[in-house]
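K.L.:
Have a look at this one.
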Amino acid sequence: GNQSTIKVIEGMAKGELTSNFETFVNVMCQQFYVGALLALMMTVAGFMRAFATNGRNKHGRVDENGFISCIAIATALCLITLSSVLVGTMLPFAFEMVGIEAANAGPTVQVLMDILGV
């Protein structure tokens, strides 16, 4: 989320991005794509890690409860990653539109994602 925020703030500071609806939609679409790829990688890696440590019972067979837990962990990683990128992209635009310095979006997205991620 913070990387997306920084990318938007940097674009605004350089004058490459303006806070209008068309720019907002374009940047959100670009960052959604990036977020989806990142979320996919995190989901696969998270599932593999969770399954490697908790996916089998003591006899080496796939444990149904452990497998369901691995799916839940992977789903949570996917949702948190994607929402972080989208919130991080959106906040600088929202702040700029209401007259708040867009640079304040960096710390704000960290706090929001800490709250939402828990």
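Since every read-out is calculated from the coordinates, none of them should be taken as a lab result. Keep in mind it's a predicted model, so treat the numbers as computed, not measured. Cβ placement follows ideal geometry from the backbone for every residue including glycine, while neighbour counts extend to all protein chains displayed.
K.L.:
Compare the peptides 20-27, 83-90, 34-41 by average per-residue count of other Cβ atoms within 10 angstrom and give them in order, highest first.
P.N.:
Going from most to least packed, we get 83-90, 34-41, 20-27.
K.L.:
Work out the length of the dipole vector of segment 34-118 about its Cα centre, built from +1 on the beta-carbon of each Lys and Arg and -1 on the beta-carbon of each Asp and Glu, and round it to the nearest 20 debye.
P.N.:
Dipole of segment 34-118, to the nearest 20 debye: 520 debye.
K.L.:
Calculate the spin-label point distance for ILE6 paired with ASN26, positioning each point 7 Å from the Cα along the beta-carbon direction, and give it in nanometres.
P.N.:
Roughly 2.4 nm, to one decimal.
K.L.:
What nm value, rounded to one decimal, do you get for the distance between SER19 and ALA76 when each label is placed 7 Å out toward the C-beta?
P.N.:
With each label placed 7 Å out from Cα toward Cβ, I get 3.5 nm.
K.L.:
Here's something else I'd like to know. Nearest 10 degrees, 0 to 90: what angle lies between the long axis of helix 105-117 and the longest principal axis of the chain (Cα atoms)?
P.N.:
That helix lies at roughly 30 degrees to the long axis.
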